[in-house]
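Scroll down for the structure; my scribbles are underneath it.
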Amino acid sequence: MQLTLDRLTKQYGDKTALDRIDAVFRPGIYGLLGANGAGKTTLMRLVCDILKPTSGEVAFNGTNIRDLGERYRSVIGYLPQDFGYYPNFTAMNFLLYMASLKGLNAGYAKKKSLELLETFGLFAVKDKKIKTFSGGMKRRLGIAQTLLNNPQILILDEPTAGLDPKERVKFRSLLRSFAEDKIVILSTHIVTDVEYIADEILVIKGGTLLKKGAESTILQEIAGKVWECRAAGQEAERLETRFAVCSRKRENGEAVLRIVSDEKPCAAAVSAAPCLEDLYLYYFQREV
Amino acid sequence: MLRMIRFELKKICSDSVVIGSIAVLLLICFLILQAYCFGSSAASAITPDGTRLSGREAIAFHQSIAEKYAGDFTDDTIAEMVSDFSAAYPAEYAKMTEGGSVSSWLPSSYLYLAMFIPPANYDEIAQDALAEGTSIPPLTEDGLVSIRDYGAAYADKPLQYGYGDSWAYFFMGFCGQTIAIAFPALIVIIIAVSAVFASEYSAKMDALILIARHGKNRLILAKLLAAMIFATGIIGGLFILFSIAFGLQYGAVGWNADMQTNLGLSLMGVNLPLNNLQLILFGFGIVWSAGIFTAAVTAMISAVSKTPFSSLIVSFAVFMAPWMIRRLLPEGALRDLLLVFPANAVNAAEVLRLPVSAASIYYDQPLAPALCIAFAAVVAVLIAGTLAYRAFKDHQAAG
């Protein structure tokens, strides 16, 4: 199973949202990293065939997904960044409705819906209207609907937004167990989620694909560019103004700063092992 | 597909705006029924001895008088009715012959006899006409205006007379005029259907739907069918409500009398062999066609609108435009053609009467307006359905 993006481009008028993206996805979990407006959602919607590319194509097992049509849609699951649900539907009815759209037969749809409601901790409220749900419950319901048709390709746009830490941990473990032999592409602002579950990371900036690879490979890019230094008073303020600071904590009356910079920020700075948050800041410091 | 249609109907019917509009429609329905069914003059009567009757007693009285003349409706029947009327209600008869207004509590069989009683100066009018080189039809042996002069066209066999009040009120209240229940029913259809597609965009459900296996094909068909079913349900529901109310109040007496003999409807000249029951079914058919037309066009507008509100405003404007334009136009072909649009078509009495007018393009083609309305509905469903299908299928869920 292979999903291929071939010079995928999307323009809105004069604005280029995605510019000639080339990538190949095989079974595994892929994390999209990028600032707001980088093109992550556009990329996901193109992969889902709900946006038409300006040029280039998305191919599934060698065939353009636009030619596959219904056959492609039957193997894909998608969670948009935000959507309205139907406030007057119950959780069960919502899943049954989505199941009917996905072409599942009534008996299987009911069984699978109950199973997913149980998995996502919504069984007790299955007959409650969605308008009574919290943001986290709605998000879990949204994730549940993506799994109804046991998709081979799963596209999740900010799946963990609104989930509490416990729910996020549970979601990550669920996704990991689900992702066997499947292509999972997810985007999130919560870098630790990507760090924990993604096999490969794609860094998108200004509509172009900057990096694609395993975390360790990508982090090599900023090896030697992450620093930790102790500074006091005005010196700390000067460093914060001049460099991208990942974190700042106080120890013994001094500020301990973690800085991402091509140059050594101060004489006392010591090199630190990079993490994904450093990488994010390195590429997107102007956007954040 | 059935499950999808059921869910789409559930979505339509759970919208609070739709629920509110249905509640208002039921209130209007209640008021119309109160005026036409329960509080009409057919539920009040005055007997020859001056006794005032009301409710079922009055209805039974009206029906018994009408049943006396049930059967062939000829000049002789009219003469008999006029004779009985003059004998039973001499004072009211005198008022009628003098051209004055008579009590609406009179037996309905007698109320419209004025159209057969010539004015006192009839001979003078005839002579004036002769002097001007024209002529007016001669009176019958009994000195009355003949029914032939009202253009009761299929005179090869006599029209059938019977009790017609309830059928006339049913028809008038349902679709026999602009201010009937059919018009607000179409507005409820617009309110409900305007959100069918547009609400998916505004609720950001479009992406989820379009990614689903049937999201770009069967679901669109299911939405269109749900819109048609809703329209049918609203119009059918009102028709059943009217049938129950009128059935309980008046029964089915007079169902097989010809609509031309239902003098209160002024359909004497309509050359279409329909009895009273067929008349209201004809009205239902016209209103249903208008409802389907409205639902299809509204669904199409919904598919190309960003929000249910903008869809509602545009749909309402598109619905009302032919109605307003028609009122501004002088008699002519364009005015007649505009009849096919739902806001005009729901006046089923006009649909029937138009072919009687020599100035109409439908002249002497009694079924032509109805067929044009049905044809327009089919065309609207096909074209608007196709456009809605394409618009939603090709919708770009940009997020």
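Normalised radius of gyration (Cα atoms, divided by 2.2 N^0.38 Å) for region B:285-383: 1.12.
What separates the Cα centres of region A:3-58 and region A:133-197 is a distance of 20 Å. Dipole magnitude for chain A: about 960 debye, using +1 per Lys or Arg Cβ and -1 per Asp or Glu Cβ, origin at the Cα centre.
Taking label points 7 Å from Cα along the Cα-to-Cβ direction, A:Met1 and B:Leu277 give a separation of 6.3 nm.
Across region B:53-207, the mean sequence separation of Cα contacts (distance under 8 Å, 6 or more residues apart), normalised by length, yields a relative contact order of 26 percent. Judged by the mean number of other Cβ atoms found within 10 Å, the most tightly packed of the peptides B:287-293, B:233-239, A:102-108, A:170-176 leads the ranking B:287-293, B:233-239, A:170-176, A:102-108. For region B:316-359, a/c is not less than 1.5, where a ≥ b ≥ c are the root eigenvalues of the C-alpha gyration tensor, and a/b does not top b/c. That puts it in the oblate class.
Entry for region A:137-205 at q = 0.23 Å⁻¹: log10 I(q)/I(0) = -1.12, Debye formula applied to identical alpha-carbon scatterers, no solvent contribution. Backbone geometry of region B:219-233 corresponds, through the Karplus equation with coefficients 6.51, -1.76 and 1.60 at θ = phi - 60°, to 3J(HN,Hα) couplings of 4, 5, 4, 4, 5, 5, 5, 4, 4, 5, 5, 4, 4, 5, x Hz, x marking Gly and Pro. Taken about its Cα centre, chain B carries a charge dipole of roughly 3220 debye when the Cβ of each Lys and Arg holds +1 and the Cβ of each Asp and Glu holds -1.
Once the Cα atoms are used to define both axes, helix B:2-13 deviates from the longest principal axis of chain B by about 70 degrees. Secondary structure note: in the protein assembly as shown, about 70% of the DSSP beta bridges are antiparallel. Among the residues of A:47-59, the average count of other protein chain beta-carbon atoms within 10 Å of the residue beta-carbon is 2.
Here the protein assembly as shown is treated as a Stokes sphere of Kirkwood radius computed over C-alpha pairs; at 4 °C and 1.567 mPa s its diffusion coefficient rounds to 42 µm²/s.
Residues whose amide H lies under 5 Å from that of A:Gly28, counting only those 5 or more places away or on a different chain, are A:Lys182, A:Ile183, A:Val184; hydrogens are built 1.01 Å from N in the peptide plane.
To test your reading of the geometry: what angle, between 0 and 90 degrees and rounded to tens, separates the Cα axis of helix B:122-131 from the longest principal axis of chain B? Rounded to the nearest ten degrees, it is 80.
Rounded to two decimals, what ratio of Rg to Rh does region B:5-116 give with C-alpha atoms and a Kirkwood Rh? In region B:5-116, Rg relative to Rh is 1.26.
Using 1/(1 + (r/R0)^6) with R0 = 30 angstrom and r between the beta carbons of B:Lys68 and B:Thr178, what's the FRET efficiency to the nearest 0.05? Calculated value: 0.30. The distance separating the Cα centre of region B:9-78 from that of region B:181-249 comes to 29 Å.
Show which lysines lie in cross-link reach of B:Lys10 when reach means a straight Cα distance below 21 angstrom and same-chain residues fewer than eight apart are skipped. Within the straight-line cut-off, B:Lys10 pairs with A:Lys102, A:Lys110, A:Lys126, A:Lys128, A:Lys129, A:Lys131, A:Lys138, B:Lys204, B:Lys216, B:Lys223.
Note: region B:131-281, Cα convex hull, 206 Å³ per residue. Partner shielding of B:99-105 amounts to 0, given as the average count of beta-carbon atoms from other chains within 10 Å of each residue beta-carbon. Largest first and in whole Å, the equivalent-ellipsoid semi-axes of region B:89-163 read 24, 20, 9, each the square root of five times a Cα gyration tensor eigenvalue. Between B:Ala23, B:Ala376, B:Ala195, find the one with the highest GNM mean-square fluctuation for chain B; connect C-alpha pairs within less than 10 Å. In the Gaussian network model the winner is B:Ala23. Across all directions, the shadow cast by the convex hull of region A:1-51 built on its C-alpha atoms averages 3.8 square nanometres. Highest mean first, the peptides A:141-154, B:27-40, B:123-136 sorted by other C-beta atoms within 10 Å per residue fall in the order A:141-154, B:27-40, B:123-136. When chain A is treated as a Gaussian network with alpha carbon springs shorter than 10 Å, the biggest mean-square fluctuation among A:Tyr97, A:Tyr196, A:Tyr12 belongs to A:Tyr12. In degrees between 0 and 90, to the nearest 10, how far off the longest principal axis of chain B does helix B:165-174 point, with axes built from Cα atoms? Long axis of B:165-174 versus the principal axis of chain B: about 30 degrees.
Taking a straight Cα-Cα cut-off under 25 Å and skipping sequence neighbours fewer than 8 places away in the same chain, the lysines within cross-link reach of B:Lys95 are B:Lys68.
For region A:3-220, what value does the Rg/Rh ratio take when both radii are computed over Cα atoms and Rh is the Kirkwood radius, given to two decimals?
0.96
Below 8 Å, C-alpha to C-alpha, sequence gap of six or more: please give me the relative contact order for chain A in percent. 21 percent.
Across region A:173-233, the relative contact order, built from alpha-carbon pairs under 8 Å that are at least six residues apart, equals 18 percent. Computed over chain B, the P(r) curve from all C-alpha pair distances, binned at 20 Å from the origin, holds 25, 47, 22, 6, 0 percent per bin.
Shielding by partners for peptide B:1-8, expressed as the average number of C-beta atoms from other protein chains within 10 Å of each residue's C-beta, is 4. Among the trypsin sites (Lys or Arg not before Pro) in region B:299-399, those placed in a DSSP loop whose Cβ has at most 13 other Cβ atoms within 10 Å are B:Lys306.
Full extension of the chain between A:Gln234 and A:Ser55 gives 59.2 nm of extra length, using 0.36 nm per residue less the Cα-Cα distance. Taking the Cα atoms of region A:226-284, the ratio Rg/Rh between the radius of gyration and the Kirkwood radius comes to 0.94.
FYI, it's all coordinate maths here, none of it is from the lab. Because the structure is a prediction, the values reported are computed rather than measured. Cβ coordinates were reconstructed from backbone atoms using ideal geometry, including for glycine residues, and neighbour counts include every protein chain displayed.
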